[in-house]
Amino acid sequence: MNVIETQHLTKIFKDGASEIHALNDVNLTIEKSTFNAVVGTSGSGKTTLINMLGGLDTPTSGTVTIDGTVITGMKDRELSIFRRKKLGIIFQNYNLVPTLNIYENIVFPVDLDGRRVDKAFVEEVIHTLHLKERLGDYPYQLSGGQQQRVAIARALAAKPSVILADEPTGSLDSKNSQNIAGLLKECVDTFKQTLVMITHNLELAQLADRVVRMEDGRIQE
Amino acid sequence: MFEHINTKLCRKLAIREIRFHKVRSVLTILMAVLVTGIFSFVLFLVSTEGAGYEYQIRGMSNTQADILFTGLTKQQAERLSELKDVKEAPWYQSVGTVSEGGASYQLASYSKGYAPTVEAVPTRGRLPEKSDEIAMEVQAAYALGGSSRVGDSITLSFVPEQGEEPVKQEFTLVGTWDSNMYSYLMWVSDELADQFPQPANTASITAGVNLWRTWHIEEKAEKLAREIGVTDPQQYTVNSVFQEENAERITSHTASILKNCPIVFLCGFLMFFSIFQMMLELDIQFYGRMKTIGMTPLQMRCVVYHWVGILVLFSVPLGWLLGYGLTQWVSATFVLTGNDLPGMSLVLPWYDFVLSLLGTWVTVFLAAFWPALKASHMTPLLALHYTGHPTRHPKRDKEISGHTYHPNSLFLIAWKGVARQKGRMAFALAALLVSAVFAGVVAVQYISRDLEKFVSNKFSFDYLVKGDGQKYNVFYDPDDHSLTPELYERLSKAVGNQNISRVYYAETKIKLTDFLWKEIVDYYERNMEYYQDYLQYVGFEEAFRELKEDHTISAAVYGVEEEYMWVMTNEMFDLSGHYDQEMFEHAPFAYVSGMNKNTMNQADDYDQPLPKEGSVLSVDEADYTVMGTARRPYNSMFVKPDAAFYLECYISMANFQKQYPGRSPVELLISAPNGQEKEVARIVDSYQEEKGYNYFTIDRQLYYDGGRMSVWTMLGPKIILSAILFLIAILGFINLILHRTLARSKEFAVYRSLGMSRGELLKLLILENVLFTVMAGVLVYGISAIAAGPLVQYLNRSEPDVWFTYHFTLAPAHVLMAVLIILAVMLPIFSVHVTEQESITRRLNMDA
């Protein structure tokens, strides 16, 4: 069953007089409960694709369907609500809320949605990601690897259908990178979620069930 | 379907934002204290002044009550209190009436409920207990007994309610209160009242009624009268404060203060906006981050509501205190009518507190909401990566490609630094402009108040002496001889007799020519509606009857000297005719003016008709040719004969002495050149002490003091407001300058890492600030000049000439620019010192 579908997805950036075709008529389907790696050279459109899948940016044309819901054309409010219910996004630079402590950051999407936190589940995630001792600290007190683990925990805590990760190991050393990638795979296997991860690291891409190659805004398979 | 907001989470985020950004939070709270302070100051002032004006206008109806009932029986008075529309109805019962010295007073047993409503509670001494004790207002005591000292005797003749024959009795004055507008009550003891018993149905009770609601008060008054069995509409009067023109007077006066609120709002908003602009990128990125996680625009608004709410809550108590303090300070020196108003105090209604809180909240919210609003119109991605830098423009691309390279001098870097932050600077600049313009207008209005002109118009001489016992006597006493030739001689030796002007006075009746008689009768008949219900000066109907039947009118005749006439003809408004001193001195010429005492209600045509120039006026069988007329009387209306309306005739002293021999002057007007005022005062004081007289004297200094007080009354609130707006604008400037340094710590670390010295960096920052200050200065001076020039002249176009002599000034702009230049130079020294505490490496690795 496909949890993600894009049809004729196109994104053109205008920069002064010039146009940049970041995505060119991308048709992509992703199956449920799979680990998918998106690879490609710099400027190939990987991040733009993730941004479109997460509803973080609007395509120039085409549609994106997540878990049966067409998110292109959705109103800002509906999209925000959809995002916190159905998507977990992990950014390269973590994007944690600096004024909330680690535990608060992790449960933030659940709180925003007004749902009760599944404490047992969140504790399991925290345990899996080795964050138990740092729950009362603030992001600025953690190392990069620790912050990235918090970002992963946050993405998982809401039990989204889909996790989108944009270079989650980009700022980390190789050991941490391996750890994070392994953790993500473990989470996908354990919690039956779908993961789409951008990476430059071919070793990490090997861990994926499927590798999607991008070049010049198109999918090369 | 309702969206779940999770206000608890929004509140938590707001509190954390406040804690994590302490500098901004403290600055915002400080600004909010100032803004709340000014809002509440303006509102409290409006309420206090409005209440003061209302108090004054209410008093013109001889009571503060909504409706005054007279001639009630006890049963009717008691019934009034029981009616559902009536909040309270205190009353007193008259024991008798005193008519003396042109005024009428009522004797009554002390009414605890009624006395405070007419400020008739003794503040010195006590209430009367025995039948020969009395308490009254100071001015009445002086007028009737020549003394207002507690313990002195005073003999009064009064007509009891149940009787026609007057009763003469000596009383001991046991209590007094300060003069006020209700001087018609005197309290006697129950013991005396019992000596003049009144049947139960005696209609001698006066009740002041206050209603729960005063809408449709005329109808309510009629209804109340019907319900207690009063059929004569003359028995009740609705307070004149409810007349439309009076309500409009109060509104227009308070509106002149209230219209400062938009300026406060604008300055406050610009100030807060510039504070929040400093962290605009970070705020938008924050909201972008929230959006990526799934926060909706409504939730973002909720965060802002809580954020603003908490900041404002911290600031309002101090702000209210500031507003209260300012209002107390200003109103303590307020002179609303030129007299003290006993019982007048600060009015602080609850809604002023609420409005000032709301005003501050709205001001802060609108400024704080801007980043959230901007972020909500962006995609999450755009908001997350927002840096505020403008996108490349195709035209600029072409310009850059063909652009000749210029080496980056310090000046050029500074110029680019200033240009880069145009938006932020614009708001700080706007706040500076608003405060400079406002202060400029107020400054011009202040220095254009010509005190000398004002005083000269009020009182052209340096010293005035009126006869013995005249202090509380509202009328001249033609039989007073206390201003003796001996006193005149002593004063002449000191200042020269050419500097002393004597005023003689006589009262008479003048028989009018048929033409003038008809004009005056027609005038009063045309305006009868305005004169009939004027209570304070009794006898209008009687005087009018006399005029119609006998063709006679009361007249005050003044015998005056050359100096007096010169001053009068030069300074009076609306003087007609041509004053010829020679002819006036030696031939029977007269200047005539007229007055009616009903000045409170404005008739359609204000002025009583006067004889024409060249016509002949017969005064006590002597004919005078009218040389000119004056629409307004020169003397204060309180030195007139006891008549509802009259003419005044000014004739030469020589003619007066011929016509009324054996009189003494009633007034001496003295000019004291060469600073001899103190010598004049000494001569007068020692003479009156020697003779046991009690003169009434006025020193010109009193008018200067009164004038200064009036200036403060008129401009005091605006001066305070402009000072605080100045402060707000300067704090905004400081905020801008500091932020420009502290937020660019990384940028400056880059410069330092590339070889810029600390001194050069300091020079760069000072240059940037000075450039901005110069640009601000050009605008401030330019717009202030327009404001101080055409704008002020336009605003003051209806200002009376007596007060206003236009002077141009840019003093506030000078002060502002001087302060800004000093700050522009000093602040970078401080902020560079702070930023340089951290190493270059550490600063290079900082997040923006």
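The values are calculated or read from the model by the stated rules, or taken from the named source; none is laboratory data. Since this is a predicted model, take the numbers as computed values, not measurements. Neighbour counts run over all protein chains shown; Cβ positions are idealised from the backbone, glycine included. Note: accessible area is taken over every heavy atom of the protein model, side chains too, but ligands, DNA and RNA are not part of it. Shrake-Rupley method; radii C 1.70, N 1.55, O 1.52, S 1.80 Å.
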| task | For B:Leu318 paired with B:Ala419, estimate the spin-label separation in nm (one decimal), with each label point 7 Å from Cα along the Cα-to-Cβ line. | result | 4.1
| query | What list of ³J(HN,Hα) couplings, whole Hz, do you get for the stretch B:38-52 from phi and the Karplus terms 6.51, -1.76, 1.60, once you set θ to phi - 60° and write x for glycine and proline? | reply | 6, 4, 5, 4, 4, 5, 4, 5, 4, 5, 5, 5, x, 5, x
| note | Expressed in square angstrom to the nearest 10, the accessible area of B:His578 with a 1.4 Å probe stands at 140
| note | Ranking B:Val815, B:Val444 from most to least accessible area with a 1.4 Å probe gives B:Val815, B:Val444
| remark: Dividing the surface of the Cα convex hull of the stretch A:92-216 by four yields a projected area in nm² of 8.0
| Within 10 Å of each Cβ of A:85-93, how many other protein chain Cβ atoms are there on average? | 2
| said: Under the rule a/c < 1.5 gives rounded, and otherwise a/b versus b/c splits prolate from oblate, where does chain A land using the Cα gyration tensor? | reply: prolate
| task | Report the paramagnetic label zone for B:Lys8: residues of the stretch A:100-133 whose backbone N is under 19 Å from a point 7 Å from Cα along the Cα-to-Cβ axis. | result | A:100-123
| said: Please check the stretch A:102-140 for residues whose accessible area, probe 1.4 Å, is lower by 40 Å² or more when all protein chains are in place than in their chain alone. | reply: A:Glu104, A:Phe108, A:Asp111, A:Leu112, A:Tyr138
| message | Please list, in order along the stretch B:129-143, the HN-Hα scalar couplings obtained from phi with the Karplus expression 6.51 cos²θ - 1.76 cosθ + 1.60 (θ = phi - 60°), rounded to whole Hz, x for Gly and Pro. | response | 10, 9, 6, 9, 10, 8, 10, 7, 6, 4, 5, 5, 4, 5, 5
| task | Would you please give the residues with an amide H less than 5 Å from that of B:Tyr646, counting only those at least 5 places away or on a separate chain, with H modeled from the backbone geometry? | result | B:Met595
| What total accessible surface area, summed over both chains, is buried at the interface between chains A and B, computed with a 1.4 Å probe and given in Å² to the nearest 100? | 2700
| query | With labels modelled as points extended 7 Å from the Cα through the Cβ direction, what inter-label distance (nm, one decimal) is found for B:Asn570 paired with B:Leu742? | reply | 6.3
| remark: For the protein assembly as shown, the dipole about the Cα centre with charges only on Cβ (Lys and Arg +1, Asp and Glu -1), to the nearest 20 debye, works out at 8240
| Segment B:Leu373-B:Leu30, length gained on full extension (0.36 nm per residue, minus Cα span) | 121.0 nm
| said: Restricting to DSSP H runs of at least four residues, report the calculated mean residue ellipticity at 222 nm for chain B, -39500 (n - 2.57) per run over all residues, nearest 500 deg cm²/dmol. | reply: -17500 deg cm²/dmol
| field | Model label zone, B:Glu218; criterion: amide N under 19 Å from point 7 Å along Cα-to-beta-carbon; scope the stretch B:68-98 | value | B:68-69
| In what order, largest first, do B:Met279, B:Met709, B:Met295 sit by accessible area if the probe radius is 1.4 Å? | B:Met709, B:Met279, B:Met295
| query | Just by accessible area at a 1.4 angstrom probe, what is the order of B:Trp361, B:Trp187 from largest to smallest? | reply | B:Trp361, B:Trp187
| field | In the stretch B:1-85, chymotrypsin sites (Phe, Trp or Tyr not before Pro) in a DSSP loop with at most 10 other beta-carbon atoms within 10 Å | value | B:Phe2
| Cα-based helix-to-principal-axis angle, B:350-376 vs chain B, degrees rounded to 10 | 20
| request: Using a 1.4 angstrom probe, figure out how much accessible area the stretch A:59-207 has per residue, in square angstrom, rounded to the nearest whole. | output: 41
| request: Could you tell me what percent of the accessible area of the protein assembly as shown is made up of carbon and sulfur, with a 1.4 Å probe and every protein chain present? | output: 55
| note | When the charge dipole of chain B is computed with +1 on Lys and Arg Cβ and -1 on Asp and Glu Cβ about the Cα centre, the Cα farthest towards its positive end, among B:Thr237, B:Pro199, B:Gln608, belongs to B:Thr237
| remark: DSSP beta bridges in chain A: the antiparallel percent, rounded to 5, is 55
| task | Could you name every residue in the stretch B:273-293 that has 10 Å² or more less accessible surface in the full protein assembly than in its own chain alone (probe 1.4 Å, ligands and nucleic acids excluded)? | result | B:Phe286, B:Arg289, B:Met290, B:Lys291, B:Thr292, B:Ile293
| Cα gyration tensor category, rounded, prolate or oblate, for the protein assembly as shown with a/c compared to 1.5 | prolate
| Cysteines not pairable in the protein assembly as shown (beta carbon separation under 4.7 Å absent) | A:Cys187, B:Cys261, B:Cys267, B:Cys649
| Working out 0.36 nm times the residue gap between B:Ser153 and B:Glu170, then minus their Cα-Cα distance, what length gain in nm do you get to one decimal? | 5.4 nm
| message | If I take R0 = 25 Å and measure r between the Cβ atoms of A:Arg77 and B:His21 in this structure, what FRET efficiency does the formula 1/(1 + (r/R0)^6) give, to the nearest 0.05? | response | 0.40
| How big is Rg to Rh over the stretch B:714-848, alpha-carbon atoms, Rh as the Kirkwood inverse-mean-distance radius? | 1.18
| query | In percent, how large is the relative contact order of chain B, given Cα pairs closer than 8 Å and 6 or more residues apart? | reply | 16
| field | the stretch B:134-264 shape via C-alpha gyration tensor axes, a/c threshold 1.5 | value | oblate
| For chain A, what does -39500 (n - 2.57) per DSSP helix run (n ≥ 4), summed and divided by total residues, give at 222 nm, in deg cm²/dmol to the nearest 500? | -10500 deg cm²/dmol
| said: Just want to confirm a number: the relative contact order over chain A, from Cα pairs under 8 angstrom separated by 6+ residues, in percent. | reply: 31
| said: Once R0 is set to 51 Å, what does the formula 1/(1 + (r/R0)^6) return for the Cβ-Cβ distance between A:Asn2 and A:Asp137, expressed as a FRET efficiency to the nearest 0.05? | reply: 0.80
| request: Leaving out ligands and nucleic acids, note down the accessible area per residue over chain B with a 1.4 angstrom probe, in whole Å². | output: 47
| task | Scan around B:Phe171 for amide H atoms under 5 Å from its own, H built in the peptide plane at 1.01 Å from N, and keep only partners 5 or more places away or cross-chain. | result | B:Ile154, B:Thr155, B:Leu156
| query | How large is ³J(HN,Hα) for each residue in the stretch B:551-568, as worked out from phi by the Karplus curve 6.51 cos²θ - 1.76 cosθ + 1.60 (θ = phi - 60°), to whole Hz, x for Gly and Pro? | reply | 6, 10, 9, 5, 9, 10, 10, 10, x, 10, 9, 4, 4, 4, 5, 4, 4, 4
| request: Mind giving me the FRET efficiency for B:Leu715 and B:Phe411? R0 is 45 Å, r the Cβ-Cβ distance, nearest 0.05 is fine. | output: 0.55
